[in-house]
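The values are calculated or read from the model by the stated rules, or taken from the named source; none is laboratory data. Remember, predicted model here, so these are calculated numbers, not experimental data. Reconstructed Cβ throughout: ideal geometry from the backbone, glycine too, with neighbour counts over all protein chains shown.
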Amino acid sequence: MEVERGRIDAKQIKNSSKGSVNECNNTCPKNTALRYFCSPVTVRMHIWIITKKSMCNKKEPENDMMLIMRKLLVIMILAACLGLTACDPVHFGYKYEDLSGNVSRVELIRYDNPEVAMINSFFTLRGLRDFDLDKMEIVEVLKEDEMIVFFVALTSIELWNMWSHPNSPAGICIRLVYDNDEFEVLSYHTIDSGHNSLIMRYDKKGKIVKYIGSFYEREEALGIVNDYFLTEIE
C-alpha cells in the first residue's frame, strides 16, 4: 500500500475492505491523517510490524543457556587466576622521598625476644605480636649525612610479602623513627636453622600498625646492617 504525505489511495482502501472503510468514515473525524490511522489496512500493517519485531527480539532458550554457560566459564577462569596468584609473594620497595621526608632517626637496636616463632600469615595481622619497648636497647644511631646514604641503599633493596615469617622482631634490628613517632623495625635473624626476616610498623607505644614485608635476599639484609653500622651480624 502506498502512503504519501499521510494520504491513502482510495481505490486501494476500497479493494481491500469496502465495508471497513465505510465504517471508518462514519466513526472517525474527516481529518485525512486520522482517517489514515483508522484504516484497517493500516492497522493490519502495524500489527504485522509489531509481531515481526516481537519475533526478532524473542530469545531462544538455547541462546539463554549458552549465555549462562559463558558467564560461568568467565567466572571460573577469573577464580582460577586469583587462586594461582594468591600464593605468590608480592614484591615492592621503599621510596627515597618517603624516607627522607618522614624519617627523623635511624637506629640500630637489640631486641631481646627469645619467644620469637614462625607463623603463616599472608596480608593479615593474625599471630603477630606488639613491640615491647622495655626489651629494646639502642646500640647505634646514624648521623644525618649517614642517613641520606642509608636511605639510598635501602631503596635499592627488594622487599616481599611472604606467607611464612616471624611473629615479631628479634636480635639486632634497624629501627626507623618517623616524624609522627611511629616506627618501623627491620629484622633478620635465625629461627630453627633458617634465616627469616620481618619488617613491621608500630605506633609510639609499640602497638602494631601494619605488616610491611620481609627481606628476600639474605645478603641484602646483612649488608644493610654491616655496611652502614659498626656492629656486624652474620
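Could you please let me know if G213 is assigned to a strand (DSSP E or B), of a type outside the set (S, T, Y) and in contact with a Leu (Cβ under 7 Å, 6 or more places away or on another chain)?
In short, yes.
Would you mind stating whether D181 is under 15 Å from R201 (Cα atoms), without any contact (Cβ under 8 Å) to a residue 24 or more places away in the chain and out of contact with any Gly (no Cβ under 9 Å at 6 or more places or on another chain)? Step through it out loud before you land on a result.
On the way: under 15 Å from R201 (Cα atoms): yes; without any contact (Cβ under 8 Å) to a residue 24 or more places away in the chain: yes; out of contact with any Gly (no Cβ under 9 Å at 6 or more places or on another chain): yes.
Yes; evaluated as a whole, the condition is true for this residue.
Filter the stretch 162-197 down to the residues that are at pLDDT below 70 and either on the phi > 0 side of the Ramachandran plot or over 31 Å from the mean Cα position of the chain (by Cα) (or both) and list them by number.
T190, I191, D192, S193, G194, H195
Kindly indicate the residue of the stretch 124-144 that is modelled with pLDDT under 95, charged (D, E, K, R) and exposed (fewer than 14 other Cβ atoms within 10 Å of the Cβ) and also farthest from G171 (Cα to Cα) among those meeting that condition.
Applying the filter and picking the extreme gives E144.
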